[in-house]
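Below is one structure, written out as structure tokens; comments come after it.
Every number here is computed from the coordinates shown, using simple stated rules; none is lab data. None of the values given here were measured: they were computed from a predicted structure. Note that we place each Cβ from the backbone using ideal geometry, even for glycine, and neighbour counts take in every protein chain shown.
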Amino acid sequence: MKFRIEKSDFLAAITTVSRALPARAASPILEGILVEANIELSQVRLLATNTALQIECIAPADVSIPGVIVLPGKLLLDVIRLIPDGEVEITEIQGRQNAVSIKSGDSKKTSMQGFGADEFPELPPIIKKGSFELPQKTLASMISQTIFAVSSDEARPVLTGGLMEVESGVMSMVGLDGYRLAIRKEPVLYDADMTAIVPAQALAAIERTLSDEGDVTVTFSPAAALFDMNHTRITTVLLSGEYMKYKKIIPAEKLTTVRVDKNALLAATNRASLMARDSKNNLVRFSISPDILTVTSNSEMGDVEEKVAITLTGGELEIAFNAKYLMDVLKVLSEDEIVLELSTNVSPCVIKPLSGDAWLYLVLPVRIFS
């Protein structure tokens with residue numbers, strides 16, 4: 001194997017695929033990145049996997065001798081990051097099995113011992129169940145606006161992934177952890193209904209890989225999903241099990257509706273949380289009255305009171321929230337104004353846009369006693 005490649009292209013591809021490297025590998029070869037040089041296509045294919053998540057990147061290269069090898073992933077990343085800019089030459093060392101030399105410019109050669117590719121555990125190809133396209137920027141937004149609500153509790157493994165659900169040409173991205181619910185919707189050109197539960201680790205890797213330009217093709221099979229961004233492909237095993245019937249927990253009744261400036265509410269809640277962090281529940285209280293929402297918190301360290309202008313429809317209400325859960329929602333919203341729908345101080349708070357149903361959030365309150 002021998003090829004020359006621009007350091008910037010090589011480093012970008014290594015950085016991307018390394019997101020699939022396991023934190024603790026069950027075998028040494030899983031700590032590696034497969035590097036395959038193709039002389040006919042004038043490209044290098046890089047691939048890393050933890051057996052549940054696989055990331056593959058294609059980069060242009062001047063290939064003199066085709067070949068394939070598995071190189072230590074983190075070491076390869078560090079070496080390529082530190083060598084001089086310009087063209088990198090990778091050459092298989094004659095007389096040393098599964099070893100390469102790495103050279104850039106006039107720098108001295110670095111040799112690296114790798115593994116044979118025969119035992120590298122690539123995930124099987126996707127058996128196509130259905131696919132659709134989305135702008136990469138849109139899917140990144142859908143993930144970032146829901147992934148924070150995905151559960152980290154391994155006792156309920158099905159909730160440790162985000163639900164991707166297509167119904168009647170609309171894709172919903174859903175995160176749910178028992179304390180809050182996040183839903184983000186976008187229309188897609190897909191004429192069938194489907195559901196898939198994508199692990200949070202895969203969603204995080206996908207979000208970091210998506211760009212502001214171009215489309216991503218999403219393909220589902222019964223047990224896996226493929227996210228194809230042309231030169232980058234991410235394959236993930238799906239979580240099995242039945243996702244919670246999240247629509248049933250959205251309250252149908254609303255006795256109090258609050259229209260409020262999102263940034264003003266976020267700033268007030270953030271300042272109140274400085275004291276709330278010292279309390280047991282990180283609790284902030286909302287006192288909702290005509291024209292004013294008063295945000296308060298107290299602890300042994302002190303008290304905070306903030307007032308935010310609102311438009312109120314319905315009755316007054318006293319309710320409390322975990323400040324972090326509320327701020328997590330407010331931080332991901334781009335709208336200037338939002339609507340809070342409430343019923344009682346022990347019923348969920350629904351957060352919605354002024355119009356439409358592109359997104360919806362639900363946050364459970366903290367029970368308070370007078």
- Query: Does the chain classify as rounded, prolate or oblate by the C-alpha gyration tensor (a ≥ b ≥ c root eigenvalues; a/c under 1.5 gives rounded; else a/b over b/c gives prolate, otherwise oblate)?
  - Reply: prolate
- Message: Defining a contact as two alpha carbons under 8 Å apart and six or more residues distant in sequence, what relative contact order in percent does the stretch 289-370 show?
- Response: 23 percent
- Counting other Cβ atoms within 10 Å of each Cβ, which chymotrypsin sites (Phe, Trp or Tyr not before Pro) in the stretch 327-369 have at most 15 and sit in a DSSP loop? Phe369
- Find, among the GluC sites (Glu not before Pro) in the stretch 54-154, those assigned to loop by DSSP (not H, G, I, E, B) with at most 13 other beta-carbon atoms within 10 angstrom. Glu122, Glu154
- Inter-centroid distance (Cα atoms) of the stretch 137-159 relative to the stretch 1-71, Å: 28 Å
- MRE, 222 nm, helices only [DSSP H, n ≥ 4, -39500 (n - 2.57), over the chain, to nearest 500]: -5500 deg cm²/dmol
- the stretch 284-362: GluC sites (Glu not before Pro) in DSSP coil with no more than 11 other Cβ atoms inside 10 Å: Glu300, Glu316
- Message: To test your reading of the geometry: what angle, between 0 and 90 degrees and rounded to tens, separates the Cα axis of helix 200-209 from the longest principal axis of the chain?
- Response: 70 degrees
- Which three lengths, in whole Å and largest first, does the stretch 123-243 cover when its Cα atoms are put on their principal axes? 36, 29, 28
- First check a/c for the stretch 251-363, with a ≥ b ≥ c the square roots of the eigenvalues of its C-alpha gyration tensor; if it is under 1.5, answer rounded, and if not, answer prolate when a/b is larger than b/c or oblate otherwise. prolate
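Extension gain Glu167-Asp336, at 0.36 nm per residue separation less the Cα-Cα distance, in nm?
Details: separation 169, 0.36 × 169 = 60.84 nm, distance 2.89 nm.
57.9 nm is the gain from fully extending Glu167 to Asp336.
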- Label-to-label distance, nm, for residues given as Gln97 and Asp215 (7 Å Cα→Cβ offset): 4.7 nm
- Message: For Cα pairs less than 8 Å apart in space and 6+ apart in sequence, what is the mean separation divided by the residue count of the stretch 1-79, i.e. the relative contact order in percent?
- Response: 40 percent
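Could you work out how much longer the chain between Ala267 and Ser42 gets when fully extended? Use 0.36 nm per residue separation minus the Cα distance between them, nm to one decimal.
Extra length available between Ala267 and Ser42 comes to 75.7 nm.
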- Unsatisfied cross-links (Cα-Cα over 19 Å) in the set Lys245/Lys331; Lys254/Lys352; Lys185/Lys245; Lys7/Lys103; Lys254/Lys324: Lys245/Lys331; Lys254/Lys324
- Task: Would you work out the charge dipole size for the stretch 1-107 about its Cα centre, treating the Cβ of every Lys and Arg as +1 and the Cβ of every Asp and Glu as -1, and quote it to the nearest 20 debye?
- Result: 380 debye
- List, in order, the whole-Hz ³J(HN,Hα) value for each residue of the stretch 242-249 obtained from phi through the Karplus relation with A = 6.51, B = -1.76, C = 1.60 and θ = phi - 60°; use x for Gly and Pro. 9, 6, 4, 6, 5, 5, 6, 8
- Note on the structure: With label points set 7 Å from each Cα along the Cα-to-Cβ direction at Glu6 and Arg367, the distance between them in nm comes to 6.2 nm
- Under 1.5 on a/c is rounded, so check that first for the stretch 2-119, then, if it is not, pick prolate when a/b is larger than b/c and oblate when it is not; a ≥ b ≥ c are the square roots of the alpha carbon gyration tensor eigenvalues. rounded
- Tabulate in residue order the Karplus-calculated ³J(HN,Hα) for the stretch 60-70, using 6.51 cos²θ - 1.76 cosθ + 1.60 with θ = phi - 60°, rounded to whole Hz; enter x for Gly and Pro. x, 7, 8, 9, 8, 10, x, x, 9, 8, 10
- Message: To test your reading of the geometry: what angle, between 0 and 90 degrees and rounded to tens, separates the Cα axis of helix 323-332 from the longest principal axis of the chain?
- Response: 60 degrees
- Message: If neighbour count is taken as other Cβ atoms inside 10 Å, put Thr256, Thr269 in order from fewest to most.
- Response: Thr256, Thr269
- Note on the structure: Among Ser27, Ala37, Ser8, the residue whose Cα sits farthest towards the positive end of the charge dipole of the stretch 2-119 (+1 at Cβ of Lys and Arg, -1 at Cβ of Asp and Glu, taken about the Cα centre) is Ser27
